[in-house]
Every structure is written in C-alpha cells, then in structure tokens.
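First the structure, in the form of structure tokens, and then the observations on it.
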Amino acid sequence: MEDAFLQEALTIATTKFIGLRREAFDAFPEGEGLRDRAREIKEATLQHLDRYLEQLIGNVERFGGRVHFATTAAEARAVILEIGRRAGARMAVKSKSMATEEIHLNEALEEAGIVPVETDLGEYIIQLAHERPSHIIAPAIHKTKGQIADLFGKELKRTVPADPEALTQLARGELREKFLQADLGITGANFAVADTGTVVLVTNEGNGRMVTSLPRVHVAVMGVEKVVPSMSDLMVFLAILAKSATGQKLSVYTTLVQGPRRAGELEGPEEFHLVLLDNGRVDQLAGPLREALYCLRCGACLNVCPVYRQIGGHAYGHTYPGPIGILLTAMLNGPASVKELAHASSLCGACADACPVRIDIPRMLIELRRQVDEKRIAPWIERVVFESFGWLLARPLLYGLAGRIARVLQRPFVRDGAIRSLPLFGDWTRTRDLPAVASRTFRERWNELERETPR
C-alpha cells in the first residue's frame, strides 16, 4: 500500500474499467436479461457436465483432434511436455494462458528445454519482469508506462519512450520472429462448444490467432467447466463477456478453432490437442464452491473490489487474485490455502453486482470462513477471539460493558487513533492497524443529540 506507482496504476486502470463497463451495460438494455440467461446456461451445463464433455470429445476427435484428460496440474504438465517432446519443440508461443499459469507450465517447459514465450502484451511484460500476473485480464495492471519502458530497455536492450503505441510496436517486432520460429502453440480457451467441437478464444491483440495457426502443433488447455452446449449458448456469453471485462461491445478477435488443418486449407496446425483440466473442479460439482465454476474470468469483480484496488493482485500470493481468486484458490488447493485470504474481503457485495453471471461471491466467502473455523485451520488464538466475539455479540448488555472496559484497557496501545500492536497478537497486528474503540458509542452520541435538540 506504500507503493505509489502501484496505487497510481491500480486506481487509473480499475476506475477506467468500472466506467467502461457501466457505459456498456447502460447502452445495452438486453444486458440484464442475458446475465440471467448466462447463469441458467452455466447451471444447466454443470448438471450434465459429463454428457457435454463426452459430446465435446467426440466432436473434437471427429475433426482430427486429440483430447487428453488431466486430473491434476502435474498430469496436465506431463501431457503437454510429451506432446512437445514428440514434436521436437524447442520454442513454444503462448496466448490466453491463465490455465497454464494455474498448472505452472512455463517452469516445466524450461526444465524440459522448451523456451516458453508469452505473446499477450501484458503477459509478455510480466514474463520479462519475472513476475506473476496481477489481474485476470490485465496481467500488468500494476505497472506504469514508465516502468514498462524501463523494463524493455533493460531486457530487450532497446530505448523506447513511455508511449503505449511505441511500446506496443517494439513488442510486436520482437514477437513476430517468435511466432515464425515456434514449433508449439499453447493457448487457453474461453469456451468450448460441445455440439460442434469448437474451441473459442476471445482476444484483443490478434496473437491468439497467430498462436493457433502458425506453429505445427496447437495445444489448448481448458478447465472442464468452460464447455457450453451450443453455438446459440456461446452467443449469450460473447454478448456480455467483453462488456463486463473491458466495456467493449465485442472483443476485437473471436477465434473459433476446430481441429487441425484439413486438406485444401491454407493455415492451421498439423496437430491439435485439447487438454481438459480438472484440478479440483469436478469435486466442487457437489461442493460448497460449485457456483465459482460459473466464472468467465472477466475480472469485473477485481475492478470493483475495495481490497483488490488497494493491495493489487500479487498480495494474494496465488495464480488467481481478487475475490473470485480466493474461491478458485480454495477450489484448487483446499481451504487451508486461503485461511487468511478468506478474510480479505469486506463482504460489501460489489463483486456479486458486477459479475456477469451473478456469482454470489460473498456467500461463498462466508462459507469458506466457516470451513476454516470448523476444520480448525486458523491459529488457535484467532479461533478463540472470533468465538468469544460471536458469543459477546449475542449478549447486548455484556457487549456494552465490554466496550466500556475496552476503552480503558486500550489506552497504552493507542497511537494516533489506531491500535498498532497488541500482546499475543504480534503476527496479526504487524500488518494490520485496528481502529481504537470509540470514546462514545453511536447510541450514546444519539442520546446526547436527543437531549441537545430543542423540542
């Protein structure tokens, strides 16, 4: 929070995204109805997920593609590395790759002697900086133009002004050769259409199309929840995705991939592989985080979250940041992985309002907190404090008495209106300031006003 560059970058970017999203939906009266329809499609698909996945697999294979099912991140990495080994790949270009971030693919590729090259501009910047993405759709949201210009000068040995167009032109020139050299193209997928076997990529830079058509082999990595039944269902999601993410009517490029290049076609890969990634998703079909499987990865909840807007994505410490990221992390790694993050939300509900499929994120965060408590994942002192506080809140007279006692006991610890350290709570208060107990309660102040106000 003391990083002025981070605060500036976050404020500018998230405020812009919020405004663009509002304008897009204000000009689109069908939007609210389509959000409801998208939610219905997601739930209906999850109810019959096995059937739609079988249909997708059959159609992908009918068009000459190969499908691989990966239960874990390790299995997904092994499948992709084997494909790369058989292809004799020395370089892999990548696009739309949050799923590959989830399975930590880049590190595995490097260990296997395959050079991964991110081709989304934001991901490319992050790769050069040796960092992780800090936003689902804008991975370099935490960097200013000046910082990116300095980074390009250091890593690419090229001097460039801090101008978006100049920075983009430099990156484009560097990446063009990589597209031509690569043997392997690796992408994620926004959707996959079951009844046509079509993998869908939604991008703004055109690099997704290059990654899927220039290398000899294309591998798409997709969470199993990304399947949709039909093209008509896909249209519903395309109508709301870009508006929620960036405020656009439609993304610049919507790429539909249907297997490898066929006879007579001028472009496309010789081989197409679809990796269906479980990695904890299937368990949540009957779990408390089921609704998180609706997520479109648009990032709208991050833009409106007061916590994310203050601390940025890296503070979450995992692949997926923000309020939905807490749920996805718990889904992938278990509740113990978010024992602190489960409380990194004010539960204000802004995320649920912004979500294009109306995911009730606050409700699931409360459920996560309950799991952390019931499974005794949190430290014992924290559990005792919250249980005691809950007991106290149910007893108004004792609560009032405790408040009066706390005003006296807090005096040695209050500095400038805040409690900055407490005995036995050093780890907790080292990174948090508690507001001091008010000298008068709201009720006491109200009673004073009542007495002072003339009748």
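So for the chain, taking the charge dipole from beta-carbon charges (+1 Lys/Arg, -1 Asp/Glu), which of VAL236, THR11, ALA192 sits furthest toward the positive end?
Farthest towards the positive pole: THR11.
Only one of the listed values, (1) 35, 25, 22; (2) 45, 25, 22; (3) 37, 30, 22, was derived from the coordinates as semi-axes √(5λ) of the Cα gyration tensor in Å; which label is it?
Label (2) holds the value from this structure.
Go through VAL224, LEU332, PHE179 and say which Cα lies farthest out towards the positive end of the charge dipole of the chain; charges sit on Cβ, +1 for Lys and Arg, -1 for Asp and Glu.
Value: LEU332.
With equal scatterers on the alpha carbons only and no solvent term, can you work out the Debye log10 of I(q)/I(0) for the stretch 287-374 at 0.14, 0.23 1/Å?
Debye intensities relative to I(0), on a log10 scale: -0.39, -1.16.
Using Cα pairs under 8 angstrom and six or more residues apart, how large is the relative contact order of the stretch 4-282, in percent?
Once divided by the residue count of the stretch 4-282, the mean separation gives 29 percent.
For the pairs LYS16/LYS143; LYS178/LYS243; LYS16/LYS249; LYS178/LYS226; LYS42/LYS339, flag any whose C-alpha to C-alpha distance is greater than 20 Å.
Correct reply: LYS178/LYS243; LYS178/LYS226; LYS42/LYS339.
Sort the stretch 1-126 into rounded, prolate or oblate with this rule: let a ≥ b ≥ c be the square roots of the eigenvalues of the Cα gyration tensor; rounded if a/c is under 1.5, and if a/c is not under 1.5, prolate when a/b is larger than b/c, oblate otherwise.
oblate
Once you list every other residue whose beta carbon is under 11 Å from the beta carbon of ALA24, what net charge do they have if Lys and Arg are +1 and Asp and Glu are -1?
That sum, taken over residues with Cβ under 11 Å, equals +2.
Over the stretch 287-374, what is the relative contact order in percent, taking alpha-carbon pairs closer than 8 angstrom and at least six residues apart?
Over the stretch 287-374, the number comes to 33 percent.
Span-like helices, the chain: DSSP H, alpha-carbon axial extent 27 Å or more, mean Kyte-Doolittle 1.0 or greater, which ones?
Counting only whole DSSP H runs, no helix qualifies.
Which order do ARG411, ARG77 fall in if you start with the one that has the fewest other Cβ atoms within 10 Å?
With the fewest neighbours first, ARG411, ARG77 line up as ARG411, ARG77.
Based only on other Cβ atoms within 10 Å, what is the fewest-to-most ordering of HIS142, HIS218?
Placing the least packed residue first, the sequence is HIS142, HIS218.
Please give the calculated 222 nm ellipticity per residue for the chain, where each DSSP H segment of at least 4 residues contributes -39500 (n - 2.57) and the sum is spread over every residue; nearest 500 deg cm²/dmol?
Per the formula, -15000 deg cm²/dmol.
For GLU165 and LEU401 in one chain, what is 0.36 nm times their gap in residues minus the Cα-Cα distance, to one decimal in nm?
78.7 nm
Can you give the net charge of the other residues whose Cβ lies under 13 Å from the Cβ of LYS226, counting K and R as +1 and D and E as -1?
Surrounding charge for LYS226 is 0.
Quick one: work out the % antiparallel among DSSP beta bridges in the stretch 4-282, nearest 5.
25
Among PHE179, PHE17, which comes first, then next, by fewest other beta-carbon atoms within 10 Å?
Going from sparsest to densest Cβ surroundings: PHE179, PHE17.
Bear in mind these aren't lab numbers, they're just calculated from the coordinates by the rules spelled out. A quick note: this is a predicted structure, and the numbers were derived from the prediction, not measured. As a convention, Cβ positions derive from the backbone with ideal geometry for all residues, glycine included, and neighbour counts pool all protein chains shown.
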